[in-house]
Structure formats: structure tokens, C-alpha cells
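Participant: Take this structure first; my questions come after.
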Ligand code: FES
């Protein structure tokens, strides 16, 4: 099968879109983040398994466009094995850079992955007040959190 080069998306975006990593759910997750993009209705759910302060496992479900799926996939690759402190610094820009860029019109899609990560880390901090996890204030870029 010959792969045609997509004129809008980098090879890495296409590769993560067609073969996304870490898709699914973690049943006994230590933290869950759910965010929705009110502009397009896309939704992402993120599950973390945390041991000590290290993110041992991460899985996601994204009901969204190709750019959202590719950025979700790349974000999970960047986060896996990192400490909470390192993970909280991962932004949608760093995910987009790791994918060799996104078309400007699709940058907002990468915010879904960043906010799902922040939401899951906040969930972990809320569930473990004794750990005194210091998270920077969560930025709301273009999506609303859905706590239902
Ligand atoms: Fe909704 Fe991309 S169009 S996240």
C-alpha cells in the first residue's frame, strides 16, 4: 500500500492519527480527567496510574478530529514515565512541536490534550491532599471543563 503525503499534516501527525498510542481506559486509574471543546463538541478522557510521583501508565479516549487524536497520542507518549512535576509542564505547544507542527487552524485541537492532562493531574491532587501536590493554576484556553 502506498502512503500519500498529506499536504496539511506532518508525517508524525499522520502516523499518530492512524496508529494512536495508549488508547483505552485504565479501570483502577488513580486519576481521571475529562474535558470537552465547546466549539466543536470533541471530548477527551484521560486516565493515569501514578506510583509515588511517577506516571506509570496513561490511556486516553478521544472522540474528536484527527488532530485531537494525534495530539492526545503524542501527549501520552511524552507523559508516560514522567514525574507529576515534569508532566505538568507539558503544554499543547510542546506536544505540537513533538509532532513537527500542526496547521494553525488546528492548534486549538491540541489544547484538548493539554487540558485533559491538567484536569487529570488536578484530580490526583484533589484525591491526595496529603501529598501536597503543587500544581500551577490551570489555564483554560479554549475548552470548558465538564465535571459531570
Ligand atoms: Fe475539535 Fe479538532 S475539531 S478538537
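Read-outs throughout are calculated quantities, based only on the coordinates presented, and are distinct from any laboratory measurement. Bear in mind that the values here come from a model prediction, so they are computed numbers and not experimental data. When we count neighbours, we look across all protein chains shown, and the Cβ atoms used for this are built from the backbone with ideal geometry, even at glycine.
Participant: If the elastic network links every pair of Cα atoms under 10 Å, which of 76, 34, 18 fluctuates the most in the Gaussian network model of the chain?
Facilitator: 18
Participant: Compute the distance in nm between two label points, each set 7 Å from the Cα along the Cα-to-Cβ direction, one at residue 4 and one at residue 39.
Facilitator: Rounded to a tenth, the inter-label distance reads 2.8 nm.
Participant: With a 10 Å Cβ neighbour count serving as the proxy for reagent exposure, in which order, fewest first, do 130, 53 appear?
Facilitator: Final ranking by Cβ density, sparse to dense: 130, 53.
Participant: Between residue 86 and residue 98, what is the label-to-label distance in nm when each label sits 7 Å out along the Cα-to-Cβ direction?
Facilitator: Those two pseudo-labels are separated by 1.1 nm.
Participant: Still on this structure: Separation between the residue 27 and residue 11 pseudo-spin-labels, each 7 Å from Cα along Cα→Cβ, expressed in nm?
Facilitator: 4.0 nm
Participant: Additional query: May I ask you to derive the FRET efficiency for residue 77 and residue 53 from their Cβ-Cβ distance with R0 = 22 Å, giving the value to the nearest 0.05?
Facilitator: Once the sixth-power term is evaluated, E becomes 0.70.
Participant: I need to check one value: relative contact order of the chain, counting alpha carbon pairs closer than 8 Å and at least 6 residues apart, in percent.
Facilitator: Values: 267 pairs, mean separation 41.5, N = 148.
Relative contact order here is 28 percent.
Participant: For the chain, set up a GNM with springs between Cα atoms under 10 Å and report which of 23, 95, 111 has the largest fluctuation.
Facilitator: Greatest mean-square fluctuation among the candidates belongs to 23.
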